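What follows is a set of notes on a single structure, which appears directly below.
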Amino acid sequence: MRRILITAGPTREHIDPVRFISNHSTGEFGYEIAKEAKERGCLVTLVSGPTALKAPKAVRLITIESAIAMRRAVLKEFPKSDCVIMTAAVSDWRVLSIAKKKIKKRRNKNMVLELVENPDILKELGGMKKKDKILVGFSLETEDLEKNAARKLKEKNLDLIIATRLKAGSTVFGNSNIDILMIDRFGKRANVCHKSKRELAKIILDRVEEFGL
């Protein structure tokens, strides 16, 4: 039986015990793909950051918070997966030193946080993936959508990338209908417009199955 590993949702990078850095990801896209993959008879493992969503039935759910925790879970599951679909919005940075107690306001109202880069999980997988594993990445861009997506596809050794443009005054997070650009490792491009994430989950998995999943 085909085994699919999917990541979804945001990550949280703690500043102190009550505050964190995160993003607006709802996790909906990854959860829809997990649901569709399960309906197609796959064994699905879903590694999810904090969301308000309920995992699809019969999907193995692994919950995490930080990018480091997501990396640990993904690397553990990767060897036994036939396909990895990374929809998660992983924080690019984390705080260098997490305060053990809540940071109090001070007379000096300015506070500087020292950040360090998180590991690039997708690039790491691309560097170790074998020929029989399918690796799918997601990219959210504010400009040069096709150029940036194609660059990431090559740099991270992906089989397929799903790219979305963040337009001024709008967000793809939580939107009912969005546009995507799909680019595969052969250079084939396809624009899919104004579809729900449920519909896009079917379209994306149809394309993944063309790679032999």
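The values are calculated or read from the model by the stated rules, or taken from the named source; none is laboratory data. No experiment lies behind these values; they were computed from the predicted model shown. Don't worry about glycine lacking a Cβ; one is built from the backbone with ideal geometry, like all the others, and counts go over all protein chains shown.
Filtered by the rule that a residue be modelled with pLDDT under 95 and in a strand (DSSP E or B), segment 1-14 gives no residues.
Flag: Leu46 matches the condition of being within 13 Å of the chain's Cα centre (by Cα) and within 20 Å of Glu124 (Cα to Cα).
From the list Ile98, Ile162, the one residue that fits, being in contact with a Gly (Cβ under 9 Å, 6 or more places away or on another chain), in contact (Cβ under 8 Å) with a residue 40 or more places away in the chain and not basic (Lys, Arg), is Ile162. Against the numbered list (1) of a type outside the set (Phe, Trp, Tyr); (2) closer than 17 Å to Ala89 by Cα; (3) part of a strand (DSSP E or B); (4) at pLDDT below 95, Val172 comes up short only at (3). Kindly list the number of the only condition in (1) of a type in the set (A, V, I, L, M); (2) more than 23 Å from Ile15 (Cβ to Cβ); (3) within 14 Å of the chain's Cα centre (by Cα) that fails for Met128. Only one criterion in (1) of a type in the set (A, V, I, L, M); (2) more than 23 Å from Ile15 (Cβ to Cβ); (3) within 14 Å of the chain's Cα centre (by Cα) is unmet by Met128, namely (3). In this structure, Leu135 does not qualify as modelled with pLDDT of 95 or more, out of contact with any Asp or Glu (no Cβ under 9 Å at 6 or more places or on another chain) and either of a type outside the set (S, T, N, Q) or exposed (fewer than 12 other Cβ atoms within 10 Å of the Cβ) (or both).
Assess whether Val95 counts as being surrounded by 14 or more Cβ atoms within 10 Å (Cβ to Cβ), more than 16 Å from Ala190 (Cα to Cα), modelled with pLDDT of 85 or more and touching a strand residue (DSSP E or B) at 6+ places or on another chain (Cβ under 9 Å). Before the answer, list the steps.
Numbers: surrounded by 14 or more Cβ atoms within 10 Å (Cβ to Cβ): yes; more than 16 Å from Ala190 (Cα to Cα): yes; modelled with pLDDT of 85 or more: yes; touching a strand residue (DSSP E or B) at 6+ places or on another chain (Cβ under 9 Å): yes.
Yes; evaluated as a whole, the condition is true for this residue.
No other residue among Pro17, Pro50, Pro10 is surrounded by fewer than 19 Cβ atoms within 10 Å (Cβ to Cβ) and under 18 Å from Asp92 (Cβ atoms) apart from Pro50.
Only residues that are within 18 Å of Ala201 (Cβ to Cβ) and in contact with a Pro (Cβ under 7 Å, 6 or more places away or on another chain) were counted across segment 47-76, and they come to 0. Checked against the criterion of being in contact with a Leu (Cβ under 6 Å, 6 or more places away or on another chain) and β-branched (Val, Ile, Thr), the candidates Thr87, Thr45 yield just one match: Thr45.
Filter segment 102-141 down to residues that are of a type in the set (Asp, Glu) and assigned to a strand (DSSP E or B) and give me whichever is nearest to Ser66 (Cα to Cα). Before the answer, list the steps.
First, the residues of segment 102-141 that are of a type in the set (Asp, Glu): 114, 117, 120, 124, 132, 141.
Next cut, assigned to a strand (DSSP E or B) only: 117, 141.
Numbers: Glu117: 13, Glu141: 22 Å.
So, considering only residues that are of a type in the set (Asp, Glu) and assigned to a strand (DSSP E or B), the one nearest to Ser66 (Cα to Cα) is Glu117.
To keep it simple, each residue is scored yes or no on (1) of a type in the set (Lys, Arg); (2) in contact (Cβ under 8 Å) with a residue 40 or more places away in the chain; (3) crowded, with 24+ Cβ neighbours inside 10 Å; (4) touching a Phe, Trp or Tyr at 6+ places or on another chain (Cβ under 9 Å).
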site: Ile21; (1), (2), (3), (4): no, yes, no, yes
site: Thr26; (1), (2), (3), (4): no, yes, no, yes
site: Glu39; (1), (2), (3), (4): no, no, no, no
site: Leu46; (1), (2), (3), (4): no, yes, yes, yes
site: Leu61; (1), (2), (3), (4): no, no, no, no
site: Ile64; (1), (2), (3), (4): no, yes, no, no
site: Met70; (1), (2), (3), (4): no, yes, yes, no
site: Glu77; (1), (2), (3), (4): no, yes, no, no
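Within segment 73-101, the set of residues being of a type in the set (D, E, K, R), over 15 Å from Ala8 (Cα atoms) and not in a loop (DSSP other than H, G, I, E, B) comprises Lys76, Lys80, Arg94. Looking across segment 142-160, the residues that are farther than 20 Å from Ile4 by Cβ and part of a loop (DSSP other than H, G, I, E, B) come down to Thr142, Glu143, Asp144.
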